[in-house]
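Have a look at the structure below, then the notes.
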Amino acid sequence: MKKVIVSAPGKLHLAGEHAVVYGKPALVVATSLRVYAELTPGARVKDDPYVEAIIEAFEHKHRVTVENVAIRVSSGVPVGAGMGSSAALAVALIGALSVWHGFPWQPQVIADLSYLAEKSKHGNPSGSDPAVATHGGFLWYRKEMEFLKTLWLLPMKYPKSFPRLTLVNTGRSEDTGALVSHVARVRVRDEERFRLLLDDVESATRSVAAAIHDENEKAFRSAIRESERLLETMEIVSYAGRSFIRQVEALGDVAKISGAGGRKTGSGVVLVFSDAPGRVAALAKRLGHITFEAVLGGEGVKIEQAVA
Ligand code: PMV
(Lines give C-alpha, C1' and ligand atoms only; values in the text may rest on other atoms or scores of the structure.)
Protein backbone atom coordinates (compact mmCIF):
# COMPACT_ATOMS: atom_id res chain seq x y z
CA MET A 1 0.00 0.00 0.00
CA LYS A 2 1.21 3.47 -0.84
CA LYS A 3 2.39 5.18 2.33
CA VAL A 4 4.43 8.28 3.16
CA ILE A 5 5.64 9.38 6.60
CA VAL A 6 7.55 12.64 7.03
CA SER A 7 8.63 14.13 10.34
CA ALA A 8 9.81 17.58 11.48
CA PRO A 9 11.19 18.80 14.80
CA GLY A 10 9.76 21.13 17.39
CA LYS A 11 12.11 23.99 18.27
CA LEU A 12 13.21 26.16 21.13
CA HIS A 13 14.16 29.80 20.92
CA LEU A 14 17.47 30.16 22.74
CA ALA A 15 17.21 33.92 22.21
CA GLY A 16 15.68 36.60 20.01
CA GLU A 17 12.00 35.57 19.95
CA HIS A 18 9.57 38.45 19.31
CA ALA A 19 12.49 40.73 18.32
CA VAL A 20 12.79 38.47 15.24
CA VAL A 21 9.36 39.71 14.13
CA TYR A 22 10.97 43.20 13.90
CA GLY A 23 13.97 42.15 11.82
CA LYS A 24 16.38 41.26 14.62
CA PRO A 25 18.22 37.92 14.61
CA ALA A 26 17.03 34.90 16.56
CA LEU A 27 18.94 31.83 17.68
CA VAL A 28 16.61 28.87 17.25
CA VAL A 29 17.40 25.24 17.78
CA ALA A 30 15.62 22.10 16.60
CA THR A 31 14.88 19.55 19.31
CA SER A 32 14.62 15.78 19.42
CA LEU A 33 10.81 16.03 19.80
CA ARG A 34 9.04 15.60 16.47
CA VAL A 35 5.73 15.81 14.63
CA TYR A 36 4.89 13.01 12.17
CA ALA A 37 2.56 13.30 9.17
CA GLU A 38 1.44 9.98 7.69
CA LEU A 39 -0.36 9.74 4.35
CA THR A 40 -2.18 6.67 3.05
CA PRO A 41 -4.87 6.18 0.39
CA GLY A 42 -8.29 6.97 1.79
CA ALA A 43 -10.87 9.64 2.38
CA ARG A 44 -9.70 13.11 3.36
CA VAL A 45 -11.40 14.33 6.54
CA LYS A 46 -11.68 18.11 6.58
CA ASP A 47 -12.00 18.87 10.26
CA ASP A 48 -8.97 20.98 11.17
CA PRO A 49 -8.86 24.51 9.71
CA TYR A 50 -5.08 24.76 10.16
CA VAL A 51 -4.49 21.47 8.28
CA GLU A 52 -6.81 22.82 5.57
CA ALA A 53 -4.74 26.05 5.38
CA ILE A 54 -1.55 24.02 4.98
CA ILE A 55 -3.10 21.92 2.22
CA GLU A 56 -4.42 25.05 0.49
CA ALA A 57 -0.94 26.62 0.47
CA PHE A 58 0.40 23.39 -1.06
CA GLU A 59 -2.37 23.14 -3.68
CA HIS A 60 -2.02 26.77 -4.66
CA LYS A 61 1.75 26.61 -5.12
CA HIS A 62 1.83 23.34 -7.03
CA ARG A 63 -1.52 23.68 -8.83
CA VAL A 64 -2.71 20.26 -7.71
CA THR A 65 -5.69 18.96 -5.78
CA VAL A 66 -5.05 16.91 -2.68
CA GLU A 67 -7.61 14.11 -2.79
CA ASN A 68 -8.03 10.44 -1.92
CA VAL A 69 -5.49 10.71 0.83
CA ALA A 70 -5.98 10.04 4.53
CA ILE A 71 -3.84 12.21 6.80
CA ARG A 72 -2.77 11.09 10.25
CA VAL A 73 -0.74 13.36 12.48
CA SER A 74 1.06 12.30 15.64
CA SER A 75 3.17 14.58 17.76
CA GLY A 76 5.62 14.52 20.60
CA VAL A 77 5.79 18.34 20.64
CA PRO A 78 3.64 20.08 23.26
CA VAL A 79 1.01 22.27 21.57
CA GLY A 80 0.85 26.03 22.20
CA ALA A 81 3.89 26.01 24.44
CA GLY A 82 6.56 27.92 22.49
CA MET A 83 7.99 24.85 20.80
CA GLY A 84 6.80 25.58 17.27
CA SER A 85 4.30 22.72 17.09
CA SER A 86 2.26 24.40 14.35
CA ALA A 87 5.31 25.10 12.18
CA ALA A 88 6.54 21.52 12.67
CA LEU A 89 3.12 20.23 11.61
CA ALA A 90 3.13 22.43 8.49
CA VAL A 91 6.66 21.36 7.54
CA ALA A 92 5.99 17.64 8.09
CA LEU A 93 2.69 17.73 6.20
CA ILE A 94 3.97 19.78 3.26
CA GLY A 95 7.01 17.50 3.10
CA ALA A 96 4.73 14.44 3.09
CA LEU A 97 2.43 15.92 0.41
CA SER A 98 5.47 16.71 -1.77
CA VAL A 99 6.64 13.09 -1.60
CA TRP A 100 3.07 11.81 -2.12
CA HIS A 101 2.77 13.84 -5.34
CA GLY A 102 6.23 12.83 -6.53
CA PHE A 103 7.71 16.35 -6.42
CA PRO A 104 11.43 16.89 -5.99
CA TRP A 105 12.58 17.20 -2.38
CA GLN A 106 13.16 20.96 -1.97
CA PRO A 107 13.50 21.96 1.70
CA GLN A 108 13.40 25.69 0.97
CA VAL A 109 10.07 25.33 -0.86
CA ILE A 110 8.75 23.34 2.13
CA ALA A 111 9.86 26.13 4.51
CA ASP A 112 8.35 28.88 2.32
CA LEU A 113 4.97 27.14 2.04
CA SER A 114 4.93 26.43 5.77
CA TYR A 115 5.59 30.11 6.40
CA LEU A 116 2.51 30.97 4.32
CA ALA A 117 0.41 28.48 6.29
CA GLU A 118 1.67 29.96 9.58
CA LYS A 119 0.79 33.39 8.33
CA SER A 120 -2.80 32.33 7.86
CA LYS A 121 -2.78 31.14 11.47
CA HIS A 122 -1.16 34.01 13.31
CA GLY A 123 -0.86 37.02 11.07
CA ASN A 124 2.69 38.25 11.36
CA PRO A 125 5.17 35.41 11.90
CA SER A 126 8.90 35.85 11.45
CA GLY A 127 9.37 32.52 9.70
CA SER A 128 11.97 31.33 12.21
CA ASP A 129 9.87 28.33 13.29
CA PRO A 130 9.31 26.80 9.83
CA ALA A 131 12.96 27.54 8.96
CA VAL A 132 14.34 25.57 11.90
CA ALA A 133 11.72 22.80 11.54
CA THR A 134 12.93 22.42 7.95
CA HIS A 135 16.68 22.78 8.33
CA GLY A 136 17.22 21.48 11.88
CA GLY A 137 20.30 22.14 14.02
CA PHE A 138 21.18 25.52 15.51
CA LEU A 139 19.95 28.29 13.25
CA TRP A 140 20.79 31.98 13.17
CA TYR A 141 17.71 33.45 11.50
CA ARG A 142 16.75 36.90 10.36
CA LYS A 143 13.75 38.23 8.43
CA GLU A 144 15.29 41.21 6.70
CA MET A 145 12.24 41.93 4.61
CA GLU A 146 9.15 39.96 3.62
CA PHE A 147 10.96 38.65 0.52
CA LEU A 148 14.41 38.28 2.14
CA LYS A 149 14.92 35.87 5.02
CA THR A 150 18.50 35.01 5.83
CA LEU A 151 19.59 31.97 7.74
CA TRP A 152 22.85 30.45 8.80
CA LEU A 153 23.15 26.91 10.07
CA LEU A 154 25.63 27.14 12.93
CA PRO A 155 27.84 24.07 13.16
CA MET A 156 27.56 23.93 16.94
CA LYS A 157 26.49 21.53 19.65
CA TYR A 158 25.23 22.26 23.12
CA PRO A 159 28.46 21.82 25.13
CA LYS A 160 28.63 18.74 27.35
CA SER A 161 30.21 20.83 30.11
CA PHE A 162 27.17 23.17 30.24
CA PRO A 163 24.33 22.74 32.74
CA ARG A 164 21.67 20.15 31.83
CA LEU A 165 18.52 21.41 30.12
CA THR A 166 15.16 20.63 31.70
CA LEU A 167 11.94 21.78 30.06
CA VAL A 168 9.10 22.79 32.32
CA ASN A 169 5.67 23.34 30.81
CA THR A 170 3.96 26.16 32.71
CA GLY A 171 1.00 26.11 30.26
CA ARG A 172 -0.41 29.11 28.42
CA SER A 173 -3.85 30.38 27.56
CA GLU A 174 -3.18 32.74 24.63
CA ASP A 175 -2.10 31.87 21.12
CA THR A 176 1.05 33.13 19.41
CA GLY A 177 -0.88 35.70 17.35
CA ALA A 178 -2.36 37.37 20.45
CA LEU A 179 1.07 37.58 22.11
CA VAL A 180 2.74 38.97 18.96
CA SER A 181 -0.08 41.58 18.86
CA HIS A 182 0.56 42.48 22.48
CA VAL A 183 4.21 43.21 21.74
CA ALA A 184 3.07 45.39 18.82
CA ARG A 185 1.02 47.42 21.33
CA VAL A 186 4.02 47.71 23.67
CA ARG A 187 6.00 49.05 20.71
CA VAL A 188 3.43 51.70 19.81
CA ARG A 189 3.37 52.97 23.42
CA ASP A 190 7.00 54.15 23.16
CA GLU A 191 8.74 53.48 19.88
CA GLU A 192 12.12 54.88 20.91
CA ARG A 193 12.22 52.77 24.06
CA PHE A 194 11.20 49.72 22.03
CA ARG A 195 13.99 50.35 19.52
CA LEU A 196 16.54 50.35 22.35
CA LEU A 197 14.97 47.20 23.77
CA LEU A 198 15.36 45.48 20.39
CA ASP A 199 19.04 46.48 20.30
CA ASP A 200 19.53 44.96 23.76
CA VAL A 201 17.82 41.75 22.62
CA GLU A 202 20.13 41.60 19.63
CA SER A 203 23.23 41.87 21.87
CA ALA A 204 21.88 39.19 24.21
CA THR A 205 21.19 36.91 21.23
CA ARG A 206 24.75 37.39 19.99
CA SER A 207 26.07 36.67 23.49
CA VAL A 208 24.12 33.40 23.73
CA ALA A 209 25.48 32.23 20.34
CA ALA A 210 29.04 33.28 21.21
CA ALA A 211 28.89 31.63 24.65
CA ILE A 212 27.81 28.29 23.13
CA HIS A 213 30.44 28.59 20.41
CA ASP A 214 33.20 29.44 22.91
CA GLU A 215 31.87 26.95 25.49
CA ASN A 216 31.86 29.76 28.03
CA GLU A 217 29.38 28.67 30.68
CA LYS A 218 29.54 31.83 32.75
CA ALA A 219 28.79 34.00 29.72
CA PHE A 220 26.00 31.59 28.71
CA ARG A 221 24.29 31.84 32.09
CA SER A 222 24.43 35.60 32.08
CA ALA A 223 23.19 35.91 28.46
CA ILE A 224 20.23 33.59 29.17
CA ARG A 225 19.34 35.60 32.27
CA GLU A 226 19.55 38.84 30.27
CA SER A 227 17.49 37.39 27.44
CA GLU A 228 14.74 36.45 29.92
CA ARG A 229 14.76 39.91 31.54
CA LEU A 230 14.29 41.54 28.14
CA LEU A 231 11.34 39.24 27.33
CA GLU A 232 9.80 40.30 30.64
CA THR A 233 10.23 43.95 29.61
CA MET A 234 8.25 43.07 26.46
CA GLU A 235 5.41 42.05 28.79
CA ILE A 236 4.94 38.54 27.52
CA VAL A 237 5.92 36.66 30.67
CA SER A 238 3.08 36.16 33.16
CA TYR A 239 3.26 36.65 36.90
CA ALA A 240 3.31 32.84 37.37
CA GLY A 241 6.05 32.46 34.75
CA ARG A 242 8.23 35.14 36.34
CA SER A 243 7.66 33.78 39.81
CA PHE A 244 8.75 30.30 38.68
CA ILE A 245 11.87 31.68 37.01
CA ARG A 246 12.79 33.76 40.11
CA GLN A 247 12.54 30.60 42.21
CA VAL A 248 14.83 28.79 39.74
CA GLU A 249 17.30 31.66 39.96
CA ALA A 250 17.17 31.59 43.75
CA LEU A 251 18.48 28.00 43.50
CA GLY A 252 21.45 29.34 41.53
CA ASP A 253 20.18 28.19 38.10
CA VAL A 254 19.10 30.15 35.03
CA ALA A 255 15.89 29.92 33.00
CA LYS A 256 13.98 31.58 30.19
CA ILE A 257 10.76 31.19 28.30
CA SER A 258 10.80 30.12 24.65
CA GLY A 259 8.76 31.55 21.80
CA ALA A 260 5.63 33.61 22.26
CA GLY A 261 5.46 33.39 26.08
CA GLY A 262 2.15 33.82 27.92
CA ARG A 263 0.65 36.70 29.94
CA LYS A 264 -2.48 35.43 31.60
CA THR A 265 -1.72 32.05 33.14
CA GLY A 266 1.57 30.30 32.44
CA SER A 267 4.20 31.27 29.87
CA GLY A 268 4.60 28.05 27.90
CA VAL A 269 7.71 25.94 28.10
CA VAL A 270 10.47 27.30 30.31
CA LEU A 271 14.05 26.23 29.58
CA VAL A 272 15.86 25.60 32.85
CA PHE A 273 19.62 25.14 32.80
CA SER A 274 20.80 23.43 35.96
CA ASP A 275 23.59 21.20 37.20
CA ALA A 276 21.07 19.62 39.57
CA PRO A 277 18.02 18.70 37.44
CA GLY A 278 16.54 16.90 40.46
CA ARG A 279 15.93 20.17 42.29
CA VAL A 280 14.32 21.69 39.19
CA ALA A 281 12.01 18.70 38.86
CA ALA A 282 11.10 18.94 42.57
CA LEU A 283 10.29 22.66 42.29
CA ALA A 284 8.24 22.12 39.12
CA LYS A 285 6.34 19.26 40.74
CA ARG A 286 5.52 21.38 43.78
CA LEU A 287 4.01 23.98 41.44
CA GLY A 288 2.10 21.37 39.43
CA HIS A 289 4.12 21.77 36.20
CA ILE A 290 5.09 18.92 33.89
CA THR A 291 8.82 18.43 33.37
CA PHE A 292 10.39 16.77 30.34
CA GLU A 293 13.66 16.57 28.46
CA ALA A 294 14.76 17.17 24.89
CA VAL A 295 18.08 17.00 23.11
CA LEU A 296 19.12 20.22 21.35
CA GLY A 297 20.14 20.15 17.70
CA GLY A 298 17.61 17.75 16.17
CA GLU A 299 17.45 16.82 12.49
CA GLY A 300 15.33 18.92 10.16
CA VAL A 301 12.45 17.64 7.99
CA LYS A 302 12.97 14.00 7.19
CA ILE A 303 11.33 11.30 5.06
CA GLU A 304 10.73 8.47 7.51
CA GLN A 305 9.01 6.14 5.05
CA ALA A 306 7.99 6.29 1.40
CA VAL A 307 6.28 3.29 -0.17
CA ALA A 308 5.23 3.91 -3.77
O1 PMV B 1 5.42 30.30 20.62
P2 PMV B 1 5.82 29.89 19.24
O3 PMV B 1 6.46 28.54 19.19
O4 PMV B 1 4.69 30.03 18.26
O5 PMV B 1 6.98 30.90 18.75
C6 PMV B 1 6.72 32.24 18.41
C7 PMV B 1 7.99 32.98 18.14
C8 PMV B 1 7.78 34.49 17.95
O9 PMV B 1 9.07 35.08 17.78
C10 PMV B 1 7.12 35.13 19.15
C11 PMV B 1 6.92 34.79 16.73
C12 PMV B 1 7.59 34.47 15.40
O13 PMV B 1 6.87 34.32 14.42
O14 PMV B 1 8.85 34.42 15.33
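The values are calculated or read from the model by the stated rules, or taken from the named source; none is laboratory data. Just so you know, these numbers come straight off a predicted model, no measurement behind them. We place every Cβ from the backbone using ideal geometry, glycine too, and count neighbours over all the protein chains shown. Please note that ligands, DNA and RNA were not included when accessible areas were found on the heavy atoms of the full protein model with its side chains. Shrake-Rupley method; radii C 1.70, N 1.55, O 1.52, S 1.80 Å.
Checking every one of the trypsin sites (Lys or Arg not before Pro) in segment 251-308 against DSSP loop status and a limit of 15 other Cβ atoms within 10 Å picks out Lys264.
For segment 83-173, with all protein chains in place and a probe radius of 1.4 Å, 59% of the accessible heavy-atom surface sits on carbon or sulfur.
Based on Cα atoms of segment 127-238, Rg over Rh with Rh as the Kirkwood radius reads 0.97.
Extension gain, Leu287 to Asp175: 0.36 nm times the residue separation minus the Cα-Cα distance gives 38.1 nm.
With loop membership from DSSP and a limit of 16 other Cβ atoms within 10 Å, the longest segment of the chain without GluC sites (Glu not before Pro) is 68-145.
Here's how it looks for Ile71: its modeled amide H is under 5 Å from those of Val45, which are all 5 or more places away or on a different chain. For the chain, a Kirkwood radius taken over Cα pairs fed into Stokes-Einstein (4 °C, viscosity 1.567 mPa s) yields D = 66 µm²/s. Across the options Tyr22, His60, Val45, the greatest Cα extent toward the positive end of the charge dipole of segment 16-63 (unit charges at beta carbon of Lys, Arg, Asp, Glu) belongs to Tyr22. Got a sec? Which residues in segment 197-233 would a label at Ser161 touch, if it sits 7 Å along Cα→Cβ and we count backbone N under 16 Å? Hits in segment 197-233 for Ser161 at 16 Å: 210-222. Contact order, relative form, for segment 1-129: 31 percent (alpha carbon pairs under 8 Å, 6 or more residues apart, mean separation divided by residue count). When the Gaussian network model of the chain links Cα atoms closer than 10 Å, the mean-square fluctuations of Leu271, Leu148, Leu296 top out at Leu148.
The base-10 log of I(q)/I(0) for segment 159-308, evaluated at q = 0.21 Å⁻¹, reads -1.35 [Debye formula, identical scatterers on Cα atoms, solvent excluded]. Taken along the Cα-to-beta-carbon direction at a fixed 7 Å, the label points for Glu191 and Asn216 span 3.5 nm.
Rg of the Cα atoms in segment 66-179, relative to 2.2 N^0.38 Å, amounts to 1.18. Positive end of the dipole of segment 177-308 (Cβ unit charges, origin at the Cα centre): among Val201, Gly288, Ile224, the Cα lying farthest that way belongs to Gly288. In the context of the full set of protein chains, segment 1-111 has a per residue accessible area of 37 Å² (1.4 Å probe).
Using heavy atoms of the protein chains and a probe of 1.4 Å, the accessible area assigned to His213 is about 130 Å².
Entry comment: accessible area of segment 160-308 is 47 Å² per residue, from protein heavy atoms only and a probe of 1.4 Å.
Quantify how much of the Cα-Cα distance distribution of segment 1-135 extends past 25 Å, in percent.
20 percent
The convex hull drawn around the Cα atoms of segment 219-300, when projected onto a plane and averaged over every direction, covers 5.9 nm². Near Val51: Cβ cut-off under 14 Å, other residues only, Lys/Arg at +1 and Asp/Glu at -1. The net charge is -3.
Taking other residues whose beta carbon is less than 10 angstrom from the beta carbon of Asp112, and scoring Lys, Arg as +1 and Asp, Glu as -1, yields +2. Using the rule -39500 (n - 2.57) for each DSSP H run of four or more residues, divided by the residues of the chain, the 222 nm mean residue ellipticity is -14000 deg cm²/dmol.
Going through segment 1-83, which trypsin sites (Lys or Arg not before Pro) have at most 15 other Cβ atoms within 10 Å and a DSSP loop state? Write out the running numbers ahead of the final one.
Details: sites: Lys2, Lys3, Lys11, Arg34, Arg44, Lys46, Lys61, Arg63, Arg72; in loops: Lys2, Arg44, Lys46, Arg63.
Loop-located and lightly packed - Lys2, Arg44, Lys46, Arg63.
Put simply, the amide H of Ile290, placed in the peptide plane, has neighbours under 5 Å in Asn169, leaving out anything fewer than 5 places away on its chain. Report, to the nearest whole %, how much of the accessible area of segment 199-271 belongs to carbon and sulfur atoms, 1.4 Å probe, protein only. Solvent-exposed carbon and sulfur of segment 199-271 make up 47 percent of the total.
Computed from point charges on the beta carbon alone (+1 for Lys and Arg, -1 for Asp and Glu), the dipole magnitude for the chain about its Cα centre is near 440 Debye.
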